Amino acid sequence: MTGVDSLNPFWKDEVLVSLRWEHYPLIEQQHYGRAWMIIQNHLGLAENTLDAYGRALQDYFVFCQQHEIDSSTARRDHIALYVHDLRLRPNHGAGGLSNATIQQRITVLRLFYNYLCEEGLRHDHPVSHKGIRGLVPRQYSLPWIPSDEQWLHLLDVVRLESLRNRTMFALAYDAALRREELCALETGDIDPSRRLLYIRAETTKNRLARVVPYSAATSNLYSNYLDYRRQMSRARGGLFLSESERNFAHPITIWTWSKVVRDIAQVAGLEQFTTHTLRHLCLTDLARANWDIHDIATFAGHRSLQSTLHYIHLSGHDLAAKLEQSMSSIHAWRTTTLTEVLL
């Protein structure tokens, strides 16, 4: 026996609580798709990662159903057809999904077919690790960050927000927090006496805990928010609470925070601004302040320096200043040597 049928009965019952099968009905119906999702769940993947995997595989199964393809025996040309379909899909008014989104979808397929090969259901792999590059060449684009003028205009909009939103905004920038890390903060994760923030491993993207400082300005906001929070609830747990009538005093969700930031961006006329922009901006500012790349990686919680390099975005003005400084030094050296040799 293989897959789910070979597992203990408690396995099925336990995962039915946490896996939202209503979001991926075709996976639930497909024996090995269901088994693969259960395994991912018990590997301890973050909830958002697990959901992203499920939605990606569900999308692929829908495609296979529409084109009468057996997903368990799909060939490489079928995968190529799926990639072609992804490239043509409308995306917020533009044609085709982003390169990063397509890369994510294909990565999920690679992991799924890894499982089928390991189970002995097939001997060839339609999406090998090296094959991904041929299917979807990876593209790297620089992250967008606001100019100084745009930043000040944005702050004018944020100033009108609630105390909770202002505190979250400041803390997200100060500590370069991911959206999930910010919303998962608990009352015990902050040491106000030393202005330190503890990011628990289970809330991070790569399961890497870290301790980061935050500024005095954010500390004042946090102190005021804590007084306000006590009026909503004195219970320990989630730090940032919902202010809506439906979920009053429950921990804020990532979707609520995304909506808050999206509304701020629209009012400010900066549609490119997202919850992740604050993290981009913080890491860029640390680079501008001449922080060592290893220190920035530690601050960001990156295992790989390559990841840190993708986040650091120096503006054209910064690069021009560095070039001018370097060329001035080189020019002075060349002038000196010319003088010494020719005179």
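We did not get these values from a lab; they are worked out from the coordinates using the rules stated. Remember, predicted model here, so these are calculated numbers, not experimental data. Here the Cβ positions follow ideal geometry from the backbone for every residue, glycine too, while neighbour counts run over all protein chains shown.
Going 7 Å from the Cα of R200 along its beta-carbon direction, which residues of region 155-184 have the amide nitrogen within less than 15 Å of the resulting point? Once the point is set 7 Å along Cα→Cβ of R200, 180-184 turn out to lie under 15 Å by backbone N, inside region 155-184. Here the calculated FRET efficiency for H250 and Q272, from their Cβ-Cβ distance with R0 = 30 Å, stands at 0.50, rounded to the nearest 0.05. Database remark: amide H of R210 closer than 5 angstrom to the amide H of I199 (H placed geometrically; neighbours at sequence offset of 5 or more, or on other chains; Pro and chain starts carry no H). Computed from the C-beta positions of M232 and L155, the FRET efficiency with R₀ = 30 Å rounds to 0.75.
Going by neighbour counts of Cβ atoms within 10 Å, the residues C64, C117 line up, fewest first, as C117, C64. Sorted fewest first by neighbouring Cβ atoms within 10 angstrom, I293, I106, I254 come out as I293, I254, I106.
Can you classify region 148-312 as rounded, prolate or oblate using the Cα gyration tensor, where a ≥ b ≥ c are the square roots of its eigenvalues, rounded means a/c under 1.5, and otherwise it's prolate if a/b beats b/c and oblate if not? Judged from the Cα gyration tensor, region 148-312 comes out oblate (a/c at least 1.5, b/c at or above a/b). Ordering 77-90, 274-287, 168-181 by mean Cβ neighbour count within 10 Å, with the highest value first, yields 168-181, 274-287, 77-90. For region 168-184, the Karplus equation 6.51 cos²θ - 1.76 cosθ + 1.60, evaluated at θ = phi - 60°, returns couplings of 5, 4, 5, 5, 4, 6, 3, 9, 6, 7, 6, 4, 5, 5, 5, 6, 8 Hz by residue, with Gly and Pro reported as x. Cβ crowding within 10 Å ranks D295, D70 as D70, D295, fewest other Cβ atoms first. Charged neighbours of I79, selected by a Cβ distance under 11 Å, balance to +2 (K, R count +1; D, E count -1). Between R207 and D51, the FRET efficiency from the beta-carbon distance, with R0 = 22 Å, is close to 0.85.
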